[in-house]
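The values are calculated or read from the model by the stated rules, or taken from the named source; none is laboratory data. The structure displayed is predicted, hence computed values, not measured ones. Note that we place each Cβ from the backbone using ideal geometry, even for glycine, and neighbour counts take in every protein chain shown.
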Amino acid sequence: MVEAVGRRSGRLLAVLGLVAVVLAAYDFFLHRRLAGREGDWQRLQAQSRAVDPLPALVSLATLPDAARARAPELYEAAGALAAQAAQEGDAAAAEAALRRAAERARGSASPALVMGLFFRARGRYDLALTEFARGREAAPLDAQLPLQEGLTYFSMGKRREAEARFQAALALDPVLSDAWLGLAYLHNTPAARPQAIAEAQRFCRLRPRASEGHALLARLDLDAGQPAQALAEGRAATQARPADYAAWFALGTAQAATGDVAGAIKSLARAAALNPSFAPAQFELGRLSLQQGRREEALRALGAAVALAPDSGEYRWTLAQALRQQGDRETADREARAAAALLAYDREQKRLTKRIQDHPGEVSYYEELAALHLDHGRPERALPVLQTALARTPGSPRLQELLQRASKTQPAPPPPP
Amino acid sequence: MTPPSPQPERSEPGSASPAPAAALSPLARVGAVLLAAAGAGLLVLSTLLWSRIIGWGEKIEPLQREQQERQAVAAAAEDSSSAAGRVRLGIFLAQHGQGEAALVQLEAAHALAPEDANAAYSLGKLALMQGDTRQALPPLQAAAALTPGNPQARLHLGLAYLAVDQPEAARQEFEAALQHDASLVEARLGRALSLWSEPMNALAGPALQEAARQEVQSPLGRALQVRAWLALADPARAVAAGRAAAAAQPDSAAAWEALGEALVASPAATPGETEAALQRALELGPRSAAAYEALGRHFLRERQFARAVEAFQAVLRLDPAAPRLHAALAQALASAGREAEARAEGEAARRAETARQQVAETLAALAGRPADRDLSLRLARLYAAQGLYDWAAAALGPALRQSPADAALQRDLRLYQEMARE
């Protein structure tokens, strides 16, 4: 009897247990499915919110040349979209989509122009120049292509080539304002300053709603020792485009030069708020705050400036002063040592670059400059120097040795702020 | 004798029942109860999980549809050599809150096919929805010229004229729209409002009241309704209509702009609500001249003169030719104690009024000779002198279509295109 009861109990418990296990497994499965659904929702929600610039960019890449000529503002839109596509999302997918678009829009310069803008935004200047040259073949009368070449050369620091391309663009379209602005930037040297001023003024006449010309004129006037004129230009820049951080920076530096430190701090703070990653505004704000004895603000702004540009000896030196005033001697000394090293590196770099400019055929200066970069853990700076030198003297064993060293060395991590 | 059949044992009261559970040991009984409870709990849990899965499914479905549409539109844009694909992409982007990118696509479509009325209309309509009347007017003019029988194109052109203070031109467009579609409530409302805006037209009051009471659905229609109540000096009804518009279309710049304008006129409105409504309008349509103007008037009322000056300067960057805006800036500058600047701005207001009259005369002359080269050039130069470079470029269009090889026209067009860049 007891045995039968035990068997029956066992059977019942087993059945109930089995049902519970099946239900638990089913619930587990449902829970997994629910989690999957939640994940799907989050993914789709993120995709829905994300602004994908690629379809719009591809659409501009397939636009016929005549249509682009009718709406010049589309060049700017293409530049902004290309920069967004290059920095966000899947750059390889973007490149593939643009290449497919180029296949379909043969005979038009649009795909080459858009591809060039995309490559330049990715820092691949050589590919950008190839694309712009291809575009120029398709549309030899389109001034945008030499203009974009000029801007690319300017980004590469090749001033002579940039100037030639800007002039070529202006020969095709004398009212192409960006080419005038490019020339004004190139001529921003003591010797060519009057020319730069004339070119920037030409830009301002052609683009009355733009702030860039006034901001550059403010800088040129400051360099020429004309702070009152610089102030007027700075004000014109902020009035033309109040959301332009560079305009507020120009106004702030002009105000500082005329002795209006309170106004300068306000303008520089506005520039820093509009673009928190613009290191010069943070630095000037910190420097002026330090002068005014506003130590907390100075430390905050200088810390931000050094975090944004850790290679700047000047920024670190000023930060060291602020730290010293705050009483933090240990950190101040560390910053001062880092600053001294960076300033010495910078001085030597400038000296050797000048020597190379004056004696482009003297390979020893290239060797010295490349070795200097390598000694400071900057192989990415040494490589282009070595490539230029090797193009001149391909067989040099010293250059080969430095090249090997450069390709083995990892770039130094930025020093801690 | 039959043996007596065995009687079932009678259970004693309180003793175990003959049911199967009775056959279980007490421990098994506890286990069974626990397992049954666990099973029931698990069943409840699975029901709950299912209901949540179904709930998520309902949430996911529209997003999946949107994703499919996004992929289809992107594929169409990649393949498209036509304006239609770009218009589709532009409309899709606008519907998904990417107004700037949408405008670029529609501009590209309009540049690709200037004779495509749909591309012109879509570009003008989107710019108008974002409050950018200056950009809206030229493509809407082109759309109305290409398809004079399209009531929507005529209606939107009328709305654009109304926004730039050209009530007579607006009324003509609203009447043309009503000729082709008498059921257009917005056109009736717009016509009544433009009649009211014309000077010496006191008889328009009853018609405007009647039109303002009509049921409207579109954001621009609701905005018109708000302006109608404001014109009738009934800010309470204007605010009510504005709130209804913003509640019905919370993503519409036009709705928030209208609510903001109503709140500025209402003595009962709180400064916080007014500013918030107008800032929302500017978030959705950063080039909304009406929102900046209302914001300027709000700051003037609140005696925040520096902010009023900034707001009026912003609106003058968008609409540099409006005399009333120069006058408003002059007032704000004078209130802020900037007398010299206020006087200069007062002068600018007078000059703008003169230029407005000259433009009106030239437009009247052009109505009879639309492709006249000299008149087109004169109009373009008048616009350029007022800082309306995009209108100047558009004004050369008819003459250039007539003589596309005219070097002087081409040179001026290129210059105005460049000057219009921002």
Checklist outcome for this item: Within segment B:322-356, the residues that are more than 14 Å from chain A (Cβ to nearest Cβ) and assigned to a loop (DSSP other than H, G, I, E, B) are B:Ala322, B:Ala336, B:Gly337
Item to check | Residues satisfying the stated conditions in segment B:389-422, i.e. away from chain A (no Cβ under 11 Å) and either free of Cβ contacts under 8 Å to residues at least 24 places away in the same chain or outside any helix (DSSP H, G or I) (or both) | outcome: B:Ala395, B:Leu396, B:Ser403, B:Pro404, B:Ala405, B:Asp406, B:Ala407
Next on the checklist: When you scan segment A:101-113, do you find a residue that is part of a helix (DSSP H, G or I), without any contact (Cβ under 8 Å) to a residue 24 or more places away in the chain, in contact with a Leu (Cβ under 6 Å, 6 or more places away or on another chain) and not aliphatic (A, V, I, L, M), even just one?
Outcome noted: no
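Does at least one position in segment B:247-256 carry a residue that is charged (D, E, K, R) and either assigned to a helix (DSSP H, G or I) or touching a strand residue (DSSP E or B) at 6+ places or on another chain (Cβ under 6 Å) (or both)?
Within segment B:247-256 (the criterion being charged (D, E, K, R) and either assigned to a helix (DSSP H, G or I) or touching a strand residue (DSSP E or B) at 6+ places or on another chain (Cβ under 6 Å) (or both)), the answer is no, since none of the residues qualifies.
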Checklist entry - Is it the case that A:Leu81 is facing chain B (nearest Cβ under 8 Å), crowded, with 18+ Cβ neighbours inside 10 Å and touching a Pro at 6+ places or on another chain (Cβ under 6 Å)? => result yes
Next on the checklist: I need the full set of residues from segment B:26-37 which are surrounded by 13 or more Cβ atoms within 10 Å (Cβ to Cβ) and more than 7 Å from chain A (Cβ to nearest Cβ), in order please.
Outcome noted: B:Arg29, B:Leu34
Checklist outcome for this item: Flagged in segment B:176-195 as under 23 Å from B:Asn118 (Cβ atoms), more than 20 Å from the chain's Cα centre (by Cα) and assigned to a helix (DSSP H, G or I), in numbering order, are B:Ala176, B:Ala177, B:Leu178, B:Gln179, B:His180
Checklist entry - For segment B:38-145, which fully contained helices (runs of 4 or more DSSP H) count at least 2 residues that are within 20 Å of B:His156 (Cβ to Cβ) and at the interface with chain A (Cβ under 9 Å from one of its Cβ atoms)? => result B:83-95, B:99-112
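Given the criteria over 21 Å from A:Met115 (Cβ atoms), touching an Asp or Glu at 6+ places or on another chain (Cβ under 9 Å) and not acidic (Asp, Glu), does A:Leu186 qualify?
Answer is yes for this residue.
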Checklist entry - Looking at this structure, is A:Gly157 closer than 26 Å to A:Ile356 by Cβ, at pLDDT below 95 and within 22 Å of the chain's Cα centre (by Cα)? => result yes
Next on the checklist: From the list A:Ala93, A:Ala169, exactly one residue is in a helix (DSSP H, G or I), surrounded by fewer than 17 Cβ atoms within 10 Å (Cβ to Cβ), within 14 Å of another protein chain (Cβ to nearest Cβ) and not aromatic (Phe, Trp, Tyr). Which is it?
Outcome noted: A:Ala93
Item to check | Meets criteria (buried (at least 21 other Cβ atoms within 10 Å of the Cβ), modelled with pLDDT of 90 or more and of a type in the set (A, V, I, L, M)) for B:Leu409 | outcome: no
Next on the checklist: Residue under question is B:Glu257, and the condition is that it be in contact with a Leu (Cβ under 9 Å, 6 or more places away or on another chain), under 22 Å from B:Ala94 (Cβ atoms), among the charged types (D, E, K, R) and buried (at least 24 other Cβ atoms within 10 Å of the Cβ); does it hold?
Outcome noted: yes
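For the structure I just gave you, tell me whether A:Arg235 is outside any loop (DSSP other than H, G, I, E, B) and closer than 20 Å to B:Val309 by Cα.
In short, yes.
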Item to check | Failed criterion for A:Gly123 (all others in (1) surrounded by fewer than 22 Cβ atoms within 10 Å (Cβ to Cβ); (2) part of a helix (DSSP H, G or I) hold) | outcome: (2)
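Which members of segment B:363-378 meet the condition of being assigned to a helix (DSSP H, G or I) and closer than 18 Å to B:Asp412 by Cα?
Step one: list which residues in segment B:363-378 are assigned to a helix (DSSP H, G or I), which gives B:363-368, B:373-378.
Across segment B:363-378, the qualifying residues are B:Arg373, B:Asp374, B:Leu375, B:Ser376, B:Leu377, B:Arg378.
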Checklist entry - Just wondering, is there one or more residues in segment A:243-253 that are part of a helix (DSSP H, G or I) and farther than 29 Å from B:Asp319 by Cα? => result yes
Checklist entry - Which one of A:Leu12, A:Leu60 is of a type in the set (A, V, I, L, M), within 26 Å of the chain's Cα centre (by Cα) and at the interface with another protein chain (Cβ under 7 Å from one of its Cβ atoms)? => result A:Leu60
Checklist entry - Among the listed residues B:Leu232, B:Leu263, B:Leu295, B:Leu282, which satisfies the condition of being more than 21 Å from B:Arg134 (Cα to Cα) and modelled with pLDDT of 90 or more? => result B:Leu263
Checklist outcome for this item: Cβ pairs under 8 Å, 6+ apart or interchain, first in segment B:252-269 and over 25 Å from B:Lys125 (Cα atoms), second hydroxyl-bearing (Ser, Thr, Tyr) and surrounded by 24 or more Cβ atoms within 10 Å (Cβ to Cβ), ordered by first then second residue, are B:Leu263/B:Thr274; B:Val264/B:Thr274
Checklist entry - For A:Gly39, are the conditions met, namely being more than 7 Å from chain B (Cβ to nearest Cβ), under 38 Å from the mean Cα position of the chain (by Cα), at pLDDT 85 or above and over 30 Å from A:Ala105 (Cβ atoms)? => result yes
Checklist entry - Scanning segment B:351-399 for residues that are among the acidic types (Asp, Glu) and within 19 Å of B:Ala142 (Cα to Cα), which turns out farthest from the chain's Cα centre (by Cα)? => result B:Asp372
Checklist entry - Any residue at all in segment A:333-353 that is part of a loop (DSSP other than H, G, I, E, B) and of a type outside the set (Ser, Thr, Tyr)? => result no
Item to check | segment A:100-115 - residue that is crowded, with 22+ Cβ neighbours inside 10 Å and either among the aliphatic types (A, V, I, L, M) or more than 13 Å from A:Glu137 (Cβ to Cβ) (or both) and, of those, nearest to the other protein chains (Cβ to nearest Cβ) | outcome: A:Ala101
Checklist entry - If B:Glu361 satisfies every condition in (1) among the acidic types (Asp, Glu); (2) within 14 Å of chain A (Cβ to nearest Cβ); (3) over 18 Å from A:Pro208 (Cβ atoms) but one, which is the exception? => result (2)
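This table checks each residue for (1) within 19 Å of the chain's Cα centre (by Cα); (2) without any contact (Cβ under 8 Å) to a residue 24 or more places away in the chain.
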| position | (1), (2) |
| --- | --- |
| B:Gln95 | yes, yes |
| B:Glu100 | yes, yes |
| B:Glu115 | no, no |
| B:Asn118 | yes, no |
| B:Met129 | yes, no |
| B:Pro148 | no, no |
| B:Tyr161 | yes, no |
Item to check | Sole residue being basic (Lys, Arg), crowded, with 19+ Cβ neighbours inside 10 Å, facing chain B (nearest Cβ under 8 Å) and touching a helix residue (DSSP H, G or I) at 6+ places or on another chain (Cβ under 7 Å), chosen from A:Arg33, A:Arg68 | outcome: A:Arg68
Checklist entry - When segment A:15-30 is examined, which residues are found to be within 7 Å of chain B (Cβ to nearest Cβ) and either among the aliphatic types (A, V, I, L, M) or within 52 Å of the chain's Cα centre (by Cα) (or both)? => result A:Leu16, A:Val19, A:Ala20, A:Leu23, A:Ala24, A:Asp27, A:Leu30
